[in-house]
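The values are calculated or read from the model by the stated rules, or taken from the named source; none is laboratory data. Keep in mind the model is a prediction, meaning the values are calculated, not measured. A quick note on method: Cβ atoms are made from the backbone with ideal geometry, for glycine too, and the neighbour counts reach across all protein chains shown. Heads up: the accessible areas ignore ligands, DNA and RNA and are worked out on the full protein's heavy atoms, side chains in. Shrake-Rupley method; radii C 1.70, N 1.55, O 1.52, S 1.80 Å.
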Amino acid sequence: HRDRLQEDKQPLRVVSYNILADQNASRDVNRDADDMIYSHCKLDDIVKWRRHPLIVHEILQYQGDIVCLQEVDRDVFDGLLQPCLKAHGYQGYYSEKGLDDASGIREGCAIFWSLDVFESVRLPDMK
């Protein structure tokens, strides 16, 4: 880590969210109201085009030094989270749950760290 944490004695701020992978959220689309997993939510509110901008806004408002996200779709990491958070001074890493394409699992976890607090790393060294 950088000197800021040692010099300023500021606490480390960690943000953690399960952002609900689209493959899980979309399970309710063709279900009856009695059989829905997210029956407490309107379908219009759980679609990713509605949720994702709100999630990014929320994450940035907390100004976390470390951001940990679960149930992240690969395309959401590559197309939204990585570019948005990079523009705000974060570096990130994504790890998918599925071991191969046959597993059917298309989501994983992402971690981002503030480059104001931590040093940049070579992503190949993360594996």
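A compact table of results
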| quantity | calculated |
| --- | --- |
| Label-point separation in nm, K97 to Q63, each point 7 Å along Cα→Cβ | 3.4 |
| Convex hull volume of the range 48-127 per residue (C-alpha atoms, cubic angstrom) | 91 |
| C68, C109, reordered so the largest accessible area comes first (probe 1.4 Å) | C109, C68 |
